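Before any comments, here is the structure.
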Amino acid sequence: MVTKRVSKATSVVSVSIQDRLAVLEKIWHWHVTRPGKLLLIRPRIPGDGYTEIGSNNWAADVKQKAIDEGWTVIDLNANNATRENIEASITDDRPDLIIHYDHGSTFTMWGQESNALEAGLDELNIGLATGRIVSTVSCYTAAGLGPAAIGDGVVAYLGYTEPHAFWTGFENDFGPAANAANYALLECKTVQESFDIGWAAYDALYVDLLGRGGFAATHVAPTALHDRDCFAMLGSSTAVACPRSLTVHCYAIPDNVVPCRYGIPRMTVCKGLPIFRCNAGLPDSVISICAAMPDLNMCAAGPPLRIREIIEDYPRDLMLVDIDKIPQDMRKAFTQMMERMGSEK
Amino acid sequence: MAADDKFSERESQDKELLRQLEIQTLEKTIQDTPLEEREKYKLIVGNRSFTLEQILAEAKEGTEYGDMFLKMQSRSRMERMRRK
């Protein structure tokens, strides 16, 4: 890649690491998140239309989406969705995101044991989900359990305030609409963005069903509108399900984790230098680096290099930055940092 | 009759009037829907499933699900008007 712009100073400069860290920490919140761990709760009760025709299959699509996005999935399917397993999974596996597909009551997300419904998460144990985002496709829970969850420290809650419904013969239309918000959460979008995407998906379904005319327009479309209107978001609108732990990103491919301890906005560093390499073995990739970090756990070309050494030994390379590659909202801060680095002696 | 009583009585009448209108609308749309479709498609909500005839029966009875479906129908009608 051709570097489009070079900062003012091209000589080696001695800059306080603390000063650099101070600047970088101010723009820390732009750090890109990575997929984490998903707990998926999806009963399937024999003879029950909602779970057998709809929700369990929709959840299977969510599971695949999560895998495709790089999430680790704990799948409590059918009779594995016992209250005991749900509680143990949250406590022991510590998922970053909890997604539930099943029946719901005002204060209960239902699970399953021995082919029968069993209360999975309710007001007595929802506090286990403290610090996480919870998303459920089920009836009613956003009216009662949702607010209780937020009060108990759940960061954000997506659910429905009234019964969630669909029509047989149209389950493949309702499924994607029901899944849209959860897909967005798995793509590390904010809760607000995910809710908006989910709402829009139902709205689009409504319009589509109207357009088909006949039975779809007359009888099915009202149900899509109903689902849209009882879809609710509670808690933090800016929360993101993906954990903020820190990685080196390869631009051209999904994340290969070279864990760093801190995170900063992406910078183009060490192009062409055999210091870092993506796990997929892409040479000369434009590799972004968590530059504020003391240590990297892994380097392709030998023992781990301390970020400090990189900053001190390769400042010229830090200067060779492709400004156009930096996200727009980080550019100003990054440019200021580079100018400051160049002006210090 | 006190003003409050008049208001409450009229309010109840108006609500029942709307409910009956919605039930009539539902009856007509069911009449206009081919039998094979009426038997083929079911509304799944909670742990229940309903054909159109069953929905109509629930609506006439004034059950929770019946009222819910009438409300869905009414809101969709309003939404279609809004989008015109």
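Every number in this text was worked out from the coordinates using simple rules, so none of it is lab data. None of these values were measured; they are calculated from a predicted model. Here the Cβ positions follow ideal geometry from the backbone for every residue, glycine too, while neighbour counts run over all protein chains shown.
Summing Lys and Arg as +1 and Asp and Glu as -1 over all other residues whose Cβ lies under 12 Å from the Cβ of A:G49 gives a net charge of 0. Rg and Dmax of the range B:27-74, based on Cα coordinates, read 10.4, 28 Å. Label separation (A:T91 vs A:A200): 4.1 nm, computed from points 7 Å beyond Cα along the C-beta direction. Counting other Cβ atoms within 10 Å as a rough exposure proxy, the listed residues A:I41, A:I90, B:I30 run B:I30, A:I90, A:I41 from fewest neighbours to most. When a/c is below 1.5 the answer is rounded, else prolate if a/b is larger than b/c, else oblate, so apply that to the range A:49-89 with a ≥ b ≥ c taken from the square roots of the Cα gyration tensor eigenvalues. Oblate is the answer for the range A:49-89, as a/c is 1.5 or above yet b/c matches or exceeds a/b. Sorting A:I74, B:I55 by the number of Cβ atoms found within 10 Å of their own Cβ, with the fewest placed first, yields A:I74, B:I55.
For the pair A:D68 and B:Q13, a Förster radius of 56 Å applied to the C-beta separation gives a FRET efficiency near 0.50, rounded to the nearest 0.05.
Over all orientations, the range A:131-255 has a Cα convex hull whose mean projected area works out to 8.8 square nanometres.
Give B:K28/B:K71; A:K37/A:K63; B:K42/B:K71; B:K15/B:K42 a once-over and call out the pairs whose C-alpha atoms are over 21 Å from each other.
In this structure, B:K15/B:K42 lie more than 21 Å apart at Cα.
Decide, for the range A:39-132, between rounded, prolate and oblate: order the square roots of the alpha carbon gyration tensor eigenvalues as a ≥ b ≥ c, take rounded if a/c falls under 1.5, and otherwise choose prolate if a/b is larger than b/c, else oblate. Oblate shape, in that a/c is at least 1.5 and b/c is the bigger or equal ratio. Farthest toward the positive end of the dipole of the range A:61-185, out of A:L145, A:Y157, A:H103, is the Cα of A:Y157, where the dipole comes from beta carbon charges about the Cα centre. Taking the Kirkwood radius as Rh and the Cα radius of gyration as Rg, the range A:83-182 has a ratio of Rg/Rh equal to 0.97.
With a Förster radius of 45 Å applied to the beta-carbon distance between A:Q192 and B:A2, the computed FRET efficiency rounds to 0.40. The calculated FRET efficiency for the pair B:Q24 and B:N47, based on their C-beta separation and a Förster distance of 22 Å, comes to about 0.15. Applying D = kT/(6 pi eta Rh) to the range A:63-115, where Rh is the Kirkwood radius over alpha-carbon pairs, T corresponds to 37 °C and eta to 0.692 mPa s, the Stokes-Einstein value obtained is 272 µm²/s.
Compute log10 of I(q)/I(0) for chain B with the Debye formula, placing one identical point scatterer on every Cα and leaving out solvent, at q = 0.16, 0.17, 0.21, 0.26 Å⁻¹, to two decimals. Debye curve over Cα of chain B, log10 I(q)/I(0) at q = 0.16, 0.17, 0.21, 0.26 Å⁻¹: -0.71, -0.78, -1.03, -1.28.
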